[in-house]
1. If you place +1 on the Cβ of every Lys and Arg, -1 on the Cβ of every Asp and Glu, and leave all else neutral, what size is the dipole of the chain about its Cα centre, to the nearest 20 Debye?
2. Could you give me the ³J(HN,Hα) list for segment 30-46, computed from phi with Karplus coefficients 6.51, -1.76, 1.60 and θ = phi - 60°, whole Hz, x at Gly and Pro?
3. According to the square roots a ≥ b ≥ c of the eigenvalues of the Cα gyration tensor, what is the shape class of segment 198-267, taking rounded for a/c under 1.5, prolate for a/b larger than b/c otherwise, and oblate for the remainder?
4. Counting other Cβ atoms within 10 Å of each Cβ, which GluC sites (Glu not before Pro) in segment 116-190 have at most 14 and sit in a DSSP loop?
5. Quick one: plug the Kirkwood hydrodynamic radius of the chain (C-alpha pairs) into Stokes-Einstein at 4 °C, 1.567 mPa s, and report D in µm²/s.
6. Can you give the Kirkwood hydrodynamic radius for segment 92-182, in Å, rounded to one decimal and based on Cα pairs?
7. For the peptides 26-33, 204-211, 77-84, what is the packing order when you average, over each peptide's residues, the other Cβ atoms within 10 Å and list the highest mean first?
8. Search the structure for amide H atoms under 5 Å from the amide H of Gly186, placed 1.01 Å from N in the peptide plane, and list their residues when 5 or more places away or on another chain.
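The values are calculated or read from the model by the stated rules, or taken from the named source; none is laboratory data. Remember, it's a predicted structure, so these values are computed and weren't measured experimentally. Every residue, glycine as well, gets a Cβ built from its backbone with ideal geometry; the counts of neighbours run over all protein chains shown. Heavy atoms of the whole protein, side chains included, go into the accessibility calculation; ligands, DNA and RNA do not. Shrake-Rupley method; radii C 1.70, N 1.55, O 1.52, S 1.80 Å.
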Amino acid sequence: MKVYILDTGYLETDKNNVVGGATMGTYSNPHVKNEWIKLPVMAVLIDHPDGKILYDLGSNPEAMNGYWPKNLQEVYPLYQTKEQRLENQLALCDTKPEDIKKVIISHMHLDHAGNLDMFRHADVYVSKADFMQAQTQVRLNADPLTHGGYIKADLDVSVKQYHLVEDDFEFAKGVEIINLPGHTPGLLGLVVHLENEGTLIFPQDCVYTSEIYGPPAKPSGLLYDSLSFFKSINKVRSLEKKYDAKVFFAHDDEFFKTIKVAPKYYK
Ligand SMILES: [Zn+2]
């Protein structure tokens, strides 16, 4: 089994969206300057003996050409080269979208479910709680300002079959799905046990950055349920200890520079 990290470009945003209250004024320093930071966006390809599995899909390449509403282009502008488009990252691993029969999506936000239209032929595994929230949120009101981080066009895609996940389970030999709610009502993380390089944990947006992870853990700027969020971080930490695992921080620019990206792989 091989695990490839796909570099699908990056977003930029105010740091307060990533670490809640990152810039706070004080009596002696009332006018704090905001920080504008870079957030790499990764997808993960698992070349498994039973078939290739893709975990998360990055953002739609037309995001900044009107696929995203203006407010999200302003708050989370996407930067993506031609080489960083999902199909070209897959090509680095000798893989075409049609080779992938199983897709797992951590949650339905704009930087994780953006290329679903390439996988209409696939079985797609999503968190039931997040999928229900996303579908409801994009349909109650036509105004995209009410849709939060979900894009209606992403949610309109039909696939072979959506599978709504509620419990933790072994998805394939050596690949476990774990539920990490908090950032959104539901979120699917991945634990992958490799022969040579041990256990890798992908908590995606449950743990944006190493600063969020701590200890002590910090709240992210975007939280659906703060109590579940901290419980989920503790769950990641206990799995890290149990397996002496390597935790991959979803959107950490410094961390991203330290990992192997496709065509290199973990095995
Ligand atoms: Zn994200």
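1. Working: 28 positive and 36 negative charges, 48 e Å.
It comes to approximately 240 debye.
2. Taking θ as phi minus 60°, the curve returns x, 10, 6, 8, 5, 10, 10, 10, 9, 10, x, 10, 10, 10, 10, 9, 10 Hz for segment 30-46.
3. Numbers: a/c = 2.33, a/b = 1.47, b/c = 1.59.
Since a/c reaches 1.5 but b/c is at least a/b, the shape of segment 198-267 is classed as oblate.
4. In loop regions of segment 116-190 (DSSP not H, G, I, E or B), the sparsely surrounded GluC sites (Glu not before Pro) are Glu166.
5. In µm²/s, the coefficient is 69.
6. Every distinct Cα pair counted, the radius reaches 14.1 Å.
7. Highest mean packing first, the order is 204-211, 77-84, 26-33.
8. Under 5 Å from the amide H of Gly186 lie the amide H atoms of Asp130, each far enough along the sequence or on another chain.
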